[in-house]
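S.K.: Have a look at this one before I ask anything.
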Amino acid sequence: MRWAVCAALSAALSLAGCVAGDVGPINTLTTQVGESSPEFIPEPGDDGSTVVGLAFSGGGMRAAAFAYGVLRELDATIIDEQPVTRSLVDNIRMISGASGGAVTASYFGYRGRDDYHDFRERFLIRDAEAYLRKSTISPLNLARAFNGGVNDRNSFARWLEDNLFNGATYANFRRPDAPIVWINASDIYNRTPFLFTYDTFAALCSDLDKVRLADAVAASAAVPVIFAPVVISATSPNCGYRKPEWLSRALADTDASTRLKAYAGALKAYQETDRLEYVKLLDGGLTDNLGITGFTIERSSAGTPYGPLSPAAAVKLRTLLFIVADAGRDDEVDWGERINGPKLPNLLEAVTNTSFSASVRDQLDALKFAVGEWRGELIRYRCSLSAEAVRRLRGSLSGWDCRDVRLVVEHLSFADLDTSAQAKLNRVPTRLKLPIEQVDLTIAAGREAIRVNDTLKEAVADIRHHAGVLDALQIASGNAN
């Protein structure tokens, strides 16, 4: 056995210099500076009183299915029927994802609220591992692993391109009714989250609109060793780049959030670090497995009390629902019953899971704290406005209460469900191919997590009541006329 292992390793090392894969880069450099990220998230098409934000965690096909279930239940949650029927999905203005969750977030952003329903048939019940190299005993695969990763762009990225996104790029997110979409990967040079945003690619002297969605999603899902890092060129020609105001402010402000300063420092490095020719991206879960970085960066970089909302959106807002769909598992172990153990394989898994769990708790605490502070700033801003300013931004003073604004952050997970469902869900592996029964089980779990959440039920009831009051006032006004 030892001889076989040594022979395999020797063969792998001898092949290491001969194995080359398609590793990018996925961007093209330009001598013209790219545009900046939008200052505000897109505004809804209705009265603006309700805004929904979604963050989808990593976890392979399991995470994608759980996120899809959340979307379908939000789609079934009707909040208004006048003048047209509207569900909570109509009010999604921001959506983000890491790894498996990035697939669902990107597909929703690409296809829109009316055409995302075929996601189960086009992705969830398909074999997204079809192009992957999976042999653990192949000398070539050992060599590829030694060189940085077994699979390159010809694996998952190509499958996504051929079967799901069909040539779509970031330019396809530019629709009047589209939410802002944040795809999260991890920059392993700067050890920070990497956001596929216009600000990021402007610092790279690249055009984000030309980046394929398949490549961005594959970067977000690039599990170390299984996948080679996805490469971004950072050669930085002279494209006339100028640091945005928020970036300079973050670097100079000693009180700025550490997450914002790290992100700002990475963008500065793309322009100014001579030894950085290529940025290497891996799984977004390494730095943010919940996919919340996009929103937290947008909020902490805003130089106003209302950003990333516009002034008008901040005045119209009554309820903001930010829902984090977390498809993480609680693995069942038996070594807690014995004095010895866990042994090395279980120990490595326990260390990884402990690190992820601690990170998730810290991220959620930071998100809830930031949103709580933001509510206070929003109220102070709204209450400082004159009646004329409110009328101009809101369209009317009818029913105006500057303090009437609710910001809700809800974390949905398998723990919200009954114990029998949890046990089954915790056995769903982190893969890119699942049996249909496990896919449907996980979709149903996402729907049920929305249905049983008391805070969301209370918020929806309040939204419906407010919509009913407005509808009655409009009908009365119409009759009077």
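S.K.: Quick one: which residues, 5+ away or cross-chain, put their amide H under 5 Å from the amide H of Leu54? H built at 1.01 Å from N.
M.R.: Met94, Ile95, Ser96, Ile323
S.K.: Quick one: which residues, 5+ away or cross-chain, put their amide H under 5 Å from the amide H of Asn151? H built at 1.01 Å from N.
M.R.: Here the answer is Phe227, Ala228, since their amide H atoms fall under 5 Å of that of Asn151.
S.K.: Could you give the size of the charge dipole of the stretch 410-454 about its Cα centre, using +1 on the Cβ of each K and R and -1 on the Cβ of each D and E, expressed in debye and rounded to the nearest 20? Present the calculation step by step, with values, prior to reporting the outcome.
M.R.: On the way: 6 positive and 7 negative charges, 65 e Å.
Using only the charged Cβ atoms, the result is roughly 320 debye.
S.K.: Can you pull out the trypsin sites (Lys or Arg not before Pro) in the stretch 325-397 whose DSSP state is coil and whose Cβ has at most 11 other Cβ atoms within 10 Å?
M.R.: Qualifying residues, ordered by number: Arg338, Lys343.
S.K.: For the chain, what % of the accessible area comes from carbon and sulfur atoms, probe 1.4 Å?
M.R.: Numbers: 11400 of 21920 Å².
The nonpolar share, carbon plus sulfur, comes to 52 percent.
S.K.: Residues with beta-carbon under 14 Å from that of Thr28, excluding Thr28: net charge, scoring Lys, Arg +1 and Asp, Glu -1? Display every interim value, and only then the final one.
M.R.: Working: positive: Lys210, Arg212; negative: Asp207, Asp209, Asp215.
Every neighbour counted, the sum reads -1.
S.K.: Just want the answer: with Cβ charges of +1 for Lys and Arg and -1 for Asp and Glu, which residue in Ala449, Val360, Tyr116 is farthest toward the dipole's positive end in the chain?
M.R.: Val360
S.K.: How big is the charge dipole of the chain about its Cα centre, in debye rounded to the nearest 20, if each Lys and Arg gets +1 on its Cβ and each Asp and Glu gets -1 on its Cβ? Present the calculation step by step, with values, prior to reporting the outcome.
M.R.: Details: 52 positive and 59 negative charges, 148 e Å.
That gives the chain a dipole magnitude of about 720 debye.
S.K.: Related question: Residues with amide H under 5 Å of Arg329's amide H, sequence separation 5 or more or different chain, H placed in the peptide plane at 1.01 Å from N; which?
M.R.: Here the answer is none, since no amide H 5 or more places off falls under 5 Å of that of Arg329.
S.K.: Work from the charge dipole of the chain (Cβ charges, +1 for Lys and Arg, -1 for Asp and Glu, about the Cα centre) and give the residue of Ala171, Gly149, Pro435 farthest towards its positive end.
M.R.: So the residue furthest toward the plus end is Gly149.
S.K.: Let me confirm the definition first: pairs of Lys residues in the chain, 8 or more apart or on different chains, C-alpha distance under 24 Å. How many are there?
M.R.: Counting lysine pairs in the chain gives 15.
S.K.: If you don't mind, there's one more thing I want to ask. Rounded if a/c is under 1.5, else prolate if a/b is larger than b/c, else oblate: which is the stretch 257-396, with a ≥ b ≥ c the root eigenvalues of its Cα gyration tensor?
M.R.: Because a/c hits 1.5 or more and a/b fails to exceed b/c, the stretch 257-396 counts as oblate.
S.K.: Can you tell me the dipole magnitude for the stretch 33-146 around its Cα centre, using point charges on the Cβ only (Lys, Arg +1; Asp, Glu -1), in Debye to the nearest 20?
M.R.: So the magnitude is around 960 debye.
S.K.: Just going by the charge dipole of the stretch 86-153, with Lys and Arg at +1 and Asp and Glu at -1 on Cβ, which of Ile125, Ser135, Ile92 is farthest out on the positive end?
M.R.: Ser135
S.K.: Out of the chymotrypsin sites (Phe, Trp or Tyr not before Pro) in the stretch 64-161, which ones are loop residues according to DSSP with at most 15 other C-beta atoms within 10 Å? If you can, show how the numbers build up before the last one.
M.R.: Numbers: sites: Phe66, Tyr68, Tyr107, Phe108, Tyr110, Tyr116, Phe119, Phe123, Tyr131, Phe146, Phe156, Trp159; in loops: Tyr116, Tyr131.
Nothing satisfies the criteria.
S.K.: In deg cm²/dmol and to the nearest 500, what is the mean residue ellipticity at 222 nm of the chain if only DSSP H runs of at least 4 residues count, each as -39500 (n - 2.57), divided by the residue total? Write out the running numbers ahead of the final one.
M.R.: Details: 17 runs with 211 residues, N = 481.
Rounded to the nearest 500, the figure is -13500 deg cm²/dmol.
S.K.: Something else about it: Sticking with the crude label model, points 7 Å out along Cα→Cβ, report the distance from Glu332 to Tyr131 in nm, one decimal please.
M.R.: Spacing of the two 7 Å Cα→Cβ label points: 3.7 nm.
S.K.: Any chance you could check the Cα centroid distance between the stretch 59-102 and the stretch 381-432 for me, in angstrom?
M.R.: Rounded to whole Å, the Cα centres lie 13 Å apart.
S.K.: Is the stretch 101-212 best put as rounded, prolate or oblate by its Cα gyration tensor, with a ≥ b ≥ c the root eigenvalues, rounded for a/c under 1.5, and otherwise prolate when a/b is larger than b/c, oblate when not? Walk me through the numbers before you get to the answer.
M.R.: Working: a/c = 2.52, a/b = 1.30, b/c = 1.95.
It is oblate, given that a/c is not under 1.5 and a/b is not larger than b/c.
S.K.: Would you mind getting the accessible area per residue of the stretch 112-250, heavy atoms of the protein chains only, 1.4 Å probe, in Å²?
M.R.: On the way: 5390 Å² over 139 residues.
Counting only protein heavy atoms, the per-residue value for the stretch 112-250 is 39 Å².
S.K.: Using only Cα atoms, locate the centre of the stretch 291-317 and the centre of the stretch 154-211, then give the distance between them in Å, rounded to an integer.
M.R.: Computed from Cα coordinates, the inter-centre distance equals 21 Å.
S.K.: Which of rounded, prolate, oblate describes the stretch 173-296, given a ≥ b ≥ c as roots of the alpha-carbon gyration tensor eigenvalues and a/c under 1.5 marking rounded, otherwise prolate only if a/b is larger than b/c? Don't jump to the answer; show the numbers that get you there.
M.R.: Numbers: a/c = 1.23, a/b = 1.19, b/c = 1.04.
Verdict is rounded for the stretch 173-296.
The values are calculated or read from the model by the stated rules, or taken from the named source; none is laboratory data. Here the structure is a predicted model, which is why all the values come from computation and not from measurement. Don't worry about glycine lacking a Cβ; one is built from the backbone with ideal geometry, like all the others, and counts go over all protein chains shown. Accessible surface areas use protein heavy atoms only, side chains included; no ligands, DNA or RNA. Shrake-Rupley method; radii C 1.70, N 1.55, O 1.52, S 1.80 Å.
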